[in-house]
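The values are calculated or read from the model by the stated rules, or taken from the named source; none is laboratory data. Small disclaimer: the values here were computed from a predicted structure and weren't measured. For neighbour counting, all protein chains shown are included, and Cβ atoms are generated from backbone atoms with ideal geometry for every residue, glycine included.
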Amino acid sequence: MKKLIAATFVGLAALLTMPAASAAGYDGDLMSANVDVSNQNALQRGARLFADNCMGCHSTKYERYNRVGKGIGLTEEHMEEHFVFVTDEEGDPVGVGSLMEIAMEDDYAEEAFGVVPPDLTLTARIHGEDWLYTFLKSFYRDESRPLGANNAVFDNVGMPHVLWHKQGWQELVEDEDGNERLELVESGSMSPTEYDRAVRDIVTYLSYIGEPVQLERQRIGVFVMIFLAFFTVLAYFLKKEYWKDVH
């Protein structure tokens, strides 16, 4: 029985410590995203970048406009003006209390891209922030692909490099030792430092919407740990008092 319990704990530890990139099919080194979901400026910049560059194809349909806006410090009026691109059956914009869906139909998306672009509400939790950050920085020009781009993290990815106008174009080259690396060969509208911040802002936003209560959870967790520590000490002395006559 003891061996079974030990094996169970070892297995759980292995699962919990398994890198998110392994589940995503990538075993290379990941860049550190170093996101801070308490930074509202980063969240707002990331939300705007996501809305302008990603929401044409990717929904975040497990969140609502007003819930996200409230969490990142944007008014409902701002969300309605800059984030709501979907209309109802009568052609009017949907309300800010609606789920964050997109206007593109699945049939059209599959015809255009070969696959329906996934919803991204939970993508940061599924793949991990570092994987997502590395992915967005790893597109390169590949004329053999239908959309002219490939990705060093997600080989043969079925999407274009939507941020090429900001990052520019990279190419996959080999160094003297035969190791492949990405090299920027055509500059975009942003410097590498500016692009790094833009990608980090997008990842910060996606990390937030994947778990909007994470800051509250962490705050409550501190009090829970303090309570458990206090209760452990109390239980120890209570046990000593109850068992003193037995020993």
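The table that follows gives values for the structure above.
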quantity: Test: residue 84 is among the β-branched types (Val, Ile, Thr), crowded, with 19+ Cβ neighbours inside 10 Å and farther than 14 Å from residue 206 by Cα; calculated: no
quantity: Unique residue being out of contact with any Ser or Thr (no Cβ under 7 Å at 6 or more places or on another chain), on the phi < 0 side of the Ramachandran plot, charged (D, E, K, R) and loosely packed, with under 11 Cβ neighbours inside 10 Å when the list is 216, 194; calculated: 216
quantity: Every residue from the range 32-59 that is under 16 Å from residue 136 (Cβ atoms), buried (at least 17 other Cβ atoms within 10 Å of the Cβ) and either among the acidic types (Asp, Glu) or in contact (Cβ under 8 Å) with a residue 40 or more places away in the chain (or both); calculated: 33, 35, 42, 45, 46, 47, 49, 50, 54, 55, 57, 58
quantity: Residues of the range 25-76 that turn out to be among the hydroxyl-bearing types (Ser, Thr, Tyr) and assigned to a strand (DSSP E or B), as a count; calculated: 2
quantity: Selection count where residues are farther than 21 Å from residue 56 by Cα and part of a helix (DSSP H, G or I), scope the range 117-154; calculated: 7
quantity: Residue identified as β-branched (Val, Ile, Thr) and assigned to a strand (DSSP E or B) among 224, 185; calculated: 185
quantity: Scan of the range 54-63 for residues that are within 19 Å of residue 115 (Cα to Cα) and either among the hydroxyl-bearing types (Ser, Thr, Tyr) or over 15 Å from the mean Cα position of the chain (by Cα) (or both), ordered by number; calculated: 56, 57, 59, 60
quantity: Index of the failed condition, residue 206 passing every other in (1) in a loop (DSSP other than H, G, I, E, B); (2) surrounded by 15 or more Cβ atoms within 10 Å (Cβ to Cβ); (3) of a type outside the set (Lys, Arg); calculated: (1)
quantity: Conditions (1) exposed (fewer than 15 other Cβ atoms within 10 Å of the Cβ); (2) in a loop (DSSP other than H, G, I, E, B); number of the one not met by residue 157; calculated: (1)
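One line per residue, one yes/no per condition, for (1) modelled with pLDDT under 95; (2) of a type in the set (D, E, K, R); (3) in contact with a helix residue (DSSP H, G or I) (Cβ under 9 Å, 6 or more places away or on another chain); (4) under 23 Å from residue 69 (Cβ atoms):
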| residue | (1), (2), (3), (4) |
| --- | --- |
| 179 | yes, no, no, no |
| 201 | no, yes, yes, yes |
| 209 | no, no, yes, yes |
| 217 | yes, yes, no, yes |
| 220 | yes, no, no, no |
